Structures are given as structure tokens and as C-alpha cells.
């Protein structure tokens, strides 16, 4: 099993970052080069507890589907998505959020932590793939996603994706 941890500091309020991290549309912004789409379940808006999303994208030249379920939800501090069906043997993603002390100019800051665990299928071949390819590939996907969330949260662009004036 591979375990990845990414920490991103974002100059935006906690609630805004939390909501952007669970936005279907923001997720898709960071994955356009894979042709990713939400094809079943919750396909737009913000995912919440008990909601499923089926994602379809092209990875390693193969069209793949992955269905995930929101299995834990404690807004605005935490949520977890767990793979129900897909190419991996298992996959789970914990999203943690905490408010940091304000920046020198008084603007809000939020720490977003991703803890991502996955196991490839096929025990010994899967371990080789995890070590030589998948660890780096999945880390890059996480980092690309986080750059998009940060960019949207730190500009007025967030207003296009969040429906509440309080976000």
C-alpha cells in the first residue's frame, strides 16, 4: 500500500477551501488533460456525506472508471472519500482542513492536508507498479489538483463554483 501526504497552505478562509475541495467542477478543472468527467452519481456541485461520484478519465492510454463514496464528513474540517469500484485494489483519500493564524496583512490562511492511500491490483506486479510508476503519478495528480484549488480560492474565481455568499 502506498501512502502519500500533501500539505498546501492557501490564503483563503477555511470554509471556502473546504467547499472548493469537494466541488465537482473544481476537481474537473485540474484534470482536463485526462478528459475526466463525472458520469454517474453526484455530477455537479458539492459532494457531501453518503454521496457517490463515478469518474471517467484516460490514464496510461486506457479509459478508466472509478466510483467513490463520501464515507466521513465533518464540515469544514474533514471529509473522506473511499473507492467502491475502480482499477485499484483499494483507495482512500482523507482531506483535512485547519485555520492558520492570519497572514501579516490580516488575510485568512487555511492548511489543507491530503492523506491518500492506495493499493494496486495484482500483488507482486502491483507492488512494482506502485514503487516505479504509481506513487509518482498519483502524487503529481494530487499536486495538480491542489494548485487548482489554491488558484481558485485565492482569486475571485471561487465565486463561480460556490453557491453561498458566505463561502
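Tabulated values for the structure
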| quantity | calculated |
| --- | --- |
| Likely footprinting exposure, 163, 78, fewest C-beta neighbours within 10 Å first | 163, 78 |
| Helix 135-153 vs. the chain, principal-axis angle (Cα, 0 to 90°, nearest 10) | 20 degrees |
| Descending principal axes extents, the chain, alpha-carbon based, whole Å | 51, 31, 29 |
| MRE, 222 nm, helices only [DSSP H, n ≥ 4, -39500 (n - 2.57), over the chain, to nearest 500] | -7000 deg cm²/dmol |
| In nm, spacing of pseudo-spin labels at residue 49 and residue 37 (7 Å Cα→C-beta vector) | 3.3 nm |
| The chain, relative contact order [Cα under 8 Å, separation at least 6], % | 30 percent |
| Simple label model, 7 Å out from Cα along Cβ direction - residue 9 to residue 64, nm | 3.3 nm |
| Residue 136 versus residue 1: modelled label distance in nm, points set 7 Å from Cα along the beta carbon direction | 2.5 nm |
| Calculated FRET efficiency for the pair residue 156/residue 103, C-beta based, R₀ 25 Å, to 0.05 | 0.90 |
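Computed from the coordinates by the stated procedures, all read-outs in this text should not be read as laboratory data. As the structure is a prediction and not an experimental result, all values here were calculated from the model. Neighbour counts are summed over all protein chains in view; Cβ atoms, including those assigned to glycine, are modelled from backbone coordinates with ideal geometry.
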